[in-house]
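Just dropping this structure here.
The values are calculated or read from the model by the stated rules, or taken from the named source; none is laboratory data. Computed from a prediction, not measured in an experiment: that's the story for all the values here. Counting neighbours? That spans all protein chains shown, and the Cβs are built from the backbone with ideal geometry, glycine included. For the accessible areas, the whole protein counts, side chains as well, though only heavy atoms, and no ligand, DNA or RNA atoms are used. Shrake-Rupley method; radii C 1.70, N 1.55, O 1.52, S 1.80 Å.
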Protein chains: 2
Amino acid sequence: MSDLRAPEHQVAGHRAAPDKLGPLVDGAGLFYKPLQALDRGEQELAFYTAFSAHPDVPPRIRDAFFPRFHGTRLLPTAASPGESHPHLILDDLLKGLAAPSVTDIKIGACTWPPRAPEPYVAKCLAKDRGSTSVLLGFRVSGVMVSDPSGAVWRPDRSELKGTDIPGVRRMLRRYVSSAGGDGGGEDCALAAAVYGGEGGVLAQLRELKAWFEVQTLFHFYSASILLSYDANAVTAPGGAPRVKLVDFAHVVESEGVIDHNFLGGLCSLIKFIDDIVSSDKAPPAQS
Amino acid sequence: MSDLRAPEHQVAGHRAAPDKLGPLVDGAGLFYKPLQALDRGEQELAFYTAFSAHPDVPPRIRDAFFPRFHGTRLLPTAASPGESHPHLILDDLLKGLAAPSVTDIKIGACTWPPRAPEPYVAKCLAKDRGSTSVLLGFRVSGVMVSDPSGAVWRPDRSELKGTDIPGVRRMLRRYVSSAGGDGGGEDCALAAAVYGGEGGVLAQLRELKAWFEVQTLFHFYSASILLSYDANAVTAPGGAPRVKLVDFAHVVESEGVIDHNFLGGLCSLIKFIDDIVSSDKAPPAQS
């Protein structure tokens, strides 16, 4: 266990620090996520347990779009020597990406489970209204763009927080542009390779959408879609971008109906990205 | 104009009375809707004006799913002799239905335009959370079921208000059941004819959905889908059920993105109705 370390390429969520719990990776393909406080950790564990064994989840959906769940493990906490904390053991979704470009997109206009307690609803609603969630059906919670040269662009959280719709468009354009680094542009040089094509992000999102049109098992409040690709390899065979769902602390069982909130946001994301690919193909506007 | 009268088969919204403004019909195919108070009437008029002339609205969508707009007319008000009030002139959507069965389904988990003033948002949010809107992505605002025998079942508003998800399911089953009247059951005898088939409600809703997946013109907050059919004619050729959008006082222009809120609710309605048709086809549960 001595080889556990904080992941280098985390773009959203709590980060590990000497005095703080945060996720760890073992470098061999596993990701250790500390169970969150309150009942969130228990809820996320309950989701992974139920989801992993659910006979009505198509294996293809589970394998393609969710991190595999390998149980839990107690790990010592650096902050409190002698104490330990339970962690979920999951696939490391960014394993093997030499020049990782990653974005965390929180899906849904509404991030609060309908039967959540009042102060939590109010807090989430304020964030949903203060971000693009209500207007757009999703918000960007984190992004980093790597360049094969090694340059990295990673706006900080305060920058993401105030982002409006044009700002999200710029971010998702920059996410597929060749120039990393702070002076990076929006040439969308990788749009076709990352978003388009047979194994691209859009094709994967459409497959996920088809499942959300019929699944009445879970409602994924406040979950994210994590997009990632290797800037060194995305145009090569086998370098297909990855599309995964993460963050299930607020998933609830369905009451026999589809997750219209997640599905609406997912459809919005698909159209939004499709517009970026299309505008990239169109001849440049006359000036 | 002496032949104007209150429509007999209105299931939701304000009703005309000697001392109150309400919609009128002329019996020849036109429906007169009084412009609503505050700026809602003006907003609905602005929507109809913009929508009717918009070059990016496919004519097929406009003709199939929206009441035609014929301008406005000042009509004398019974409540205040000598005064007149502007009315929208629209198609009478229930024209020619001898035994009309009608349901008004308000679409979307969220019925408040994101940039609406605060007290209005709070009022809508309370209604959305207190009804099935947040959980289900839609709520039933009105329903009447006619029987060829002349019997009619029309629950009153207080009955609709407290409806939960199983209650909505019972209503949408009863909407396609043969027995009207208060002792009516849920035999779903008309489910295949009304909901299923080539020209049925599901096929029409799916066509509408395909448009909502790409249209970035308008966001239809608080709009309804009005379903109607003639219980005397729905199994005969030409008796196809009607699917129309109504109530556009809270429509806003899009900001270049799809109406994920309406689309999510519409997808939920499609799955919900599809489940009714499928369960109707399945062999009866063993008892």
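Please determine, by comparing only the residues of region A:229-277 that are within 28 Å of A:L88 (Cα to Cα) and acidic (D, E), which one is nearest to the other protein chains (Cβ to nearest Cβ).
Result: A:E255.
Okay, next question. Within region A:31-50, work out how many residues are among the hydrophobic types (A, V, I, L, M, F, W, C) and either surrounded by 18 or more Cβ atoms within 10 Å (Cβ to Cβ) or in the same structural domain as A:A223 (by TED's automatic domain parsing) (or both).
Summing the residues that are among the hydrophobic types (A, V, I, L, M, F, W, C) and either surrounded by 18 or more Cβ atoms within 10 Å (Cβ to Cβ) or in the same structural domain as A:A223 (by TED's automatic domain parsing) (or both) in region A:31-50 gives 4.
Here's another thing I want to ask about it. For region A:40-116, which fully contained strands (runs of 3 or more DSSP E) count at least 3 residues that are within 14 Å of chain B (Cβ to nearest Cβ)?
Ranges flagged: A:100-107.
If you check A:V57 against the conditions, is it within 21 Å of the chain's Cα centre (by Cα) and over 30 Å from A:A210 (Cα atoms)?
no
Within the set of pairs 6+ apart or on separate chains, which have a first residue in region B:73-90 that is open to solvent by 40 Å² or more (accessible area, probe 1.4 Å), a second that is among the polar types (S, T, N, Q) and part of a strand (DSSP E or B), and C-beta atoms under 6 Å apart?
B:L74/B:S84; B:P76/B:S84; B:P86/B:T72
In contact (Cβ under 8 Å) with a residue 40 or more places away in the chain, within 14 Å of another protein chain (Cβ to nearest Cβ) and over 15 Å from the mean Cα position of the chain (by Cα), is that true of A:L172?
Here the answer is no, as A:L172 does not meet what is asked.
Restricting to region A:117-137, what's the tally of residues that are in a helix (DSSP H, G or I) and of a type in the set (G, A, S)?
Within region A:117-137, residues that are in a helix (DSSP H, G or I) and of a type in the set (G, A, S) number 4.
Can you find a residue that is in a helix (DSSP H, G or I), open to solvent by 20 Å² or more (accessible area, probe 1.4 Å) and within 24 Å of B:G264 (Cβ to Cβ) anywhere in region A:138-154?
No: zero hits.
Restricting to region B:212-228, name every residue that is under 20 Å from B:A50 (Cα atoms) and within 12 Å of chain A (Cβ to nearest Cβ).
Selection gives B:F212, B:V214, B:Q215, B:T216, B:H219, B:Y221.
Within region B:183-231, count every residue that is closer than 30 Å to A:A109 by Cα, open to solvent by 30 Å² or more (accessible area, probe 1.4 Å) and not hydroxyl-bearing (S, T, Y).
Looking only at that region, the number is 9.
On to the next question. Out of all the residues in region B:82-137, which are basic (K, R) and either closer than 20 Å to B:L269 by Cβ or touching a His at 6+ places or on another chain (Cβ under 9 Å) (or both)?
Scanning region B:82-137 gives B:K106, B:K127, B:R129.
While we're looking at this one, here's another question. If you scan region A:28-55, which residues turn out to be touching a residue at least 60 places away in the same chain (Cβ under 8 Å) and not aliphatic (A, V, I, L, M)?
Of everything in region A:28-55, those that are touching a residue at least 60 places away in the same chain (Cβ under 8 Å) and not aliphatic (A, V, I, L, M) turn out to be A:G29, A:F31, A:Q36, A:R40, A:G41, A:Q43, A:E44, A:F47, A:Y48, A:F51, A:H54.
With A:L94, A:L74 as the choices, which residue is closer than 18 Å to A:R15 by Cβ and touching a strand residue (DSSP E or B) at 6+ places or on another chain (Cβ under 9 Å)?
Going through A:L94, A:L74 in turn, just one is closer than 18 Å to A:R15 by Cβ and touching a strand residue (DSSP E or B) at 6+ places or on another chain (Cβ under 9 Å): A:L94.
Follow-up question, since we're still on this one. Take the residues in region B:117-129 that are within 12 Å of another protein chain (Cβ to nearest Cβ) and touching a residue at least 12 places away in the same chain (Cβ under 8 Å); name whichever of them is surrounded by the fewest Cβ atoms within 10 Å (Cβ to Cβ).
Out of the qualifying residues, it is B:L125.
In region A:155-165, what residues are within 19 Å of A:A109 (Cβ to Cβ), at pLDDT below 95 and assigned to a helix (DSSP H, G or I)?
A:L160, A:K161
Go over the candidates B:A151, B:A126, B:A79, B:A109 one by one and state the one that is aliphatic (A, V, I, L, M) and within 18 Å of the chain's Cα centre (by Cα).
B:A109
On the given criteria, is A:S149 away from chain B (no Cβ under 14 Å) and closer than 30 Å to B:F272 by Cα?
When the stated conditions are applied, A:S149 does not pass them.
Quick one: would you say B:I258 is outside the structural domain of B:P55 (by TED's automatic domain parsing), within 26 Å of B:P148 (Cα to Cα) and modelled with pLDDT of 95 or more?
no
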